[in-house]
4 protein chains.
Amino acid sequence: MTHHSIDIRIYYEDTDAGGVVYHASYLKFGERGRTEFLRHLGHQNSDLEREYGTLFLVRHIEIDYHRPAVLDDLLRLETAIESMKNTSFTMRQRFFRGEELIADMRVVLVCVDTNAIKPVRLPGIVRDEFINFIE
Amino acid sequence: MTHHSIDIRIYYEDTDAGGVVYHASYLKFGERGRTEFLRHLGHQNSDLEREYGTLFLVRHIEIDYHRPAVLDDLLRLETAIESMKNTSFTMRQRFFRGEELIADMRVVLVCVDTNAIKPVRLPGIVRDEFINFIE
Amino acid sequence: MTHHSIDIRIYYEDTDAGGVVYHASYLKFGERGRTEFLRHLGHQNSDLEREYGTLFLVRHIEIDYHRPAVLDDLLRLETAIESMKNTSFTMRQRFFRGEELIADMRVVLVCVDTNAIKPVRLPGIVRDEFINFIE
Amino acid sequence: MTHHSIDIRIYYEDTDAGGVVYHASYLKFGERGRTEFLRHLGHQNSDLEREYGTLFLVRHIEIDYHRPAVLDDLLRLETAIESMKNTSFTMRQRFFRGEELIADMRVVLVCVDTNAIKPVRLPGIVRDEFINFIE
């Protein structure tokens, strides 16, 4: 199993009056993790659009909240490719505090042509790189 | 099928540089819809805690993004109870622009004791009211 | 003194772990108020761009936080035009809970040409309408 | 002039449909910068409350927006103490992209007793450390 990992520090902006991390904040964190995963492979969202005329749209998200995280926590977000199809792929993103699983998320992204906003095949170079990160 | 409905106006705060509503914003909207659904039944989040010593934690979310929404759109969010168990329940929340389905979300909430943060049975009065909103 | 007024309900998304409304949330509320003020005058952000080729950029904000607001509060946001210049104008936005002043904000917006991103005179029709809302 | 500096990467969550960083996002970034400044001095928000019974409330913010920032930008946020009084202090926070000034913010924070929510003198140790960061 290969994954890419980033750290997420919890600030006031991420929390709510319940004293814990607001449930929608994990989706923001997930997008940071996917963006840094792409950057690690040498791509930026803005470049993918310019060079290949494609962008990745979020089609589906599933998330399980296992334990609350709180202010000042330092979470580790692990991102991997779970599966790939012709025009879409599924990422698995898990949030840990030390060894403790905080939240577990699956995100289905579809590759679309930026002009037609129609699904298209993943750019070959991206596809080849993703294969190394399939769990 | 019985549901509770609120309108959601899209402001700049809800959008991203892709020109559409940011995917995490729908979770915020969903929470507004659930809160107004409870208020419609005569309950406030802060009261449930004070009166019954319980609060509802988000345990699981699934969301399908069907079509993008954009700045100045007026969405209709329909909220219903899909199923109930002893200590948890599932809400179905659908976002429409006119007749067009924009996003479709399921949220599993668990009722917990605010002291022990342990699952407890739903307060009887809430349970009785929810039954009318089961789809 | 003429102003336009909207109600703002406080949800979990607006609060932080300090148990109060997060300080940046007031800027989001302010933008809702300015947008509804424009809509009340018959304009939408997207129309201003299409019809006049102009948009309003935030140039400067000053905000005083007088009292904290909390979950489930219903705030009233009053928006007025404080002053106008050739290419910019200042809005005054005050947040109340009942008669209590919660926060007091001034926002300087500049009217820019959407192509050149250079300051230009306010569209005449907008200027004429704003004059009625000068405090 | 002594200051503390952090990097801020711009993600989709920080942007809006105008294609630039949303104006309220800078306040979130500012709070990250102040928190990391405190952490650099050996303090966490949660510790200050536990150890000294104090917390810092935002009383006033002024911000000038000089140039827009966009997706994938890497900003540098410089934080310094501008002045100190008995129970409050002013921080100056400037956002740069390379040498270009993007935004310039002043934040007045007041030190309050967490029980009485009344202004109190800054804890001596914090006061002594802040003096080194006065511009």
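The values are calculated or read from the model by the stated rules, or taken from the named source; none is laboratory data. None of the values given here were measured: they were computed from a predicted structure. Note that we place each Cβ from the backbone using ideal geometry, even for glycine, and neighbour counts take in every protein chain shown. Heavy atoms of the whole protein, side chains included, go into the accessibility calculation; ligands, DNA and RNA do not. Shrake-Rupley method; radii C 1.70, N 1.55, O 1.52, S 1.80 Å.
What to note about this one:
- Only one entry of C:VAL120, C:VAL107 meets the criterion of being surrounded by 19 or more Cβ atoms within 10 Å (Cβ to Cβ) and out of contact with any Phe, Trp or Tyr (no Cβ under 8 Å at 6 or more places or on another chain), and that entry is C:VAL107.
- Any chance C:PHE96 is touching a His at 6+ places or on another chain (Cβ under 9 Å) and aromatic (Phe, Trp, Tyr): no
- The residues of region C:11-28 that are under 13 Å from B:TYR11 (Cβ atoms) and out of contact with any Asp or Glu (no Cβ under 8 Å at 6 or more places or on another chain) amount to a single one, C:LEU27.
- Where C:GLY42 falls short, out of the listed (1) touching a strand residue (DSSP E or B) at 6+ places or on another chain (Cβ under 6 Å); (2) within 18 Å of C:PHE89 (Cβ to Cβ); (3) outside any strand (DSSP E or B): (1)
- Figure legend. Inter-residue proximity from region D:111-135: first residues polar (S, T, N, Q), second residues open to solvent by 40 Å² or more (accessible area, probe 1.4 Å), beta-carbon distance below 7 Å, spacing 6+ or different chains. Indicated pairs: D:THR114/D:GLU49; D:THR114/D:LEU55; D:ASN132/D:THR2.
- Only residues that are open to solvent by 40 Å² or more (accessible area, probe 1.4 Å) and of a type in the set (D, E, K, R) were counted in region D:41-50, giving 2.
- Residue within region D:41-50 that is without any contact (Cβ under 8 Å) to a residue 24 or more places away in the chain, among the charged types (D, E, K, R) and more than 9 Å from every other protein chain (Cβ to nearest Cβ) present: yes
- Taken over region C:41-94, the residue count meeting the criterion of being touching a Lys or Arg at 6+ places or on another chain (Cβ under 7 Å), over 25 Å from D:HIS60 (Cα atoms) and not β-branched (Val, Ile, Thr) is 1.
- Some residue of region C:110-129 being small (Gly, Ala, Ser) and either under 20 Å from D:HIS23 (Cβ atoms) or modelled with pLDDT of 90 or more (or both): no
- Among the residues making up region C:19-40, those that are more than 7 Å from every other protein chain (Cβ to nearest Cβ), of a type outside the set (Ser, Thr, Tyr) and open to solvent by less than 30 Å² (accessible area, probe 1.4 Å) are C:VAL21, C:PHE29, C:GLY30, C:GLY33, C:ARG34, C:PHE37, C:LEU38.
- Residue check, A:ASP73 out of contact with any helix residue (DSSP H, G or I) (no Cβ under 6 Å at 6 or more places or on another chain) and within 14 Å of chain C (Cβ to nearest Cβ): yes
- Qualifying residue in region B:86-101 (condition: touching a strand residue (DSSP E or B) at 6+ places or on another chain (Cβ under 9 Å), open to solvent by 60 Å² or more (accessible area, probe 1.4 Å) and more than 19 Å from B:SER5 (Cβ to Cβ)): yes
- Test: residue in region B:63-84 that is open to solvent by 40 Å² or more (accessible area, probe 1.4 Å) and free of Cβ contacts under 8 Å to residues at least 12 places away in the same chain: no
- Checklist (1) of a type outside the set (Val, Ile, Thr); (2) at pLDDT 95 or above; (3) over 17 Å from the mean Cα position of the chain (by Cα); (4) within 23 Å of D:VAL20 (Cα to Cα) applied to C:ARG97, failing item: (4)
- Checking each residue in region A:7-18 for being more than 10 Å from every other protein chain (Cβ to nearest Cβ) and either surrounded by fewer than 17 Cβ atoms within 10 Å (Cβ to Cβ) or part of a helix (DSSP H, G or I) (or both) picks out only A:ASP7.
- Any hit, region A:95-103, residues being out of contact with any helix residue (DSSP H, G or I) (no Cβ under 9 Å at 6 or more places or on another chain), closer than 20 Å to A:GLY53 by Cα and without any contact (Cβ under 8 Å) to a residue 40 or more places away in the chain: no
- For region B:51-62, the criterion of a residue being within 10 Å of another protein chain (Cβ to nearest Cβ), in a loop (DSSP other than H, G, I, E, B), open to solvent by 30 Å² or more (accessible area, probe 1.4 Å) and not aliphatic (A, V, I, L, M) is satisfied by no position.
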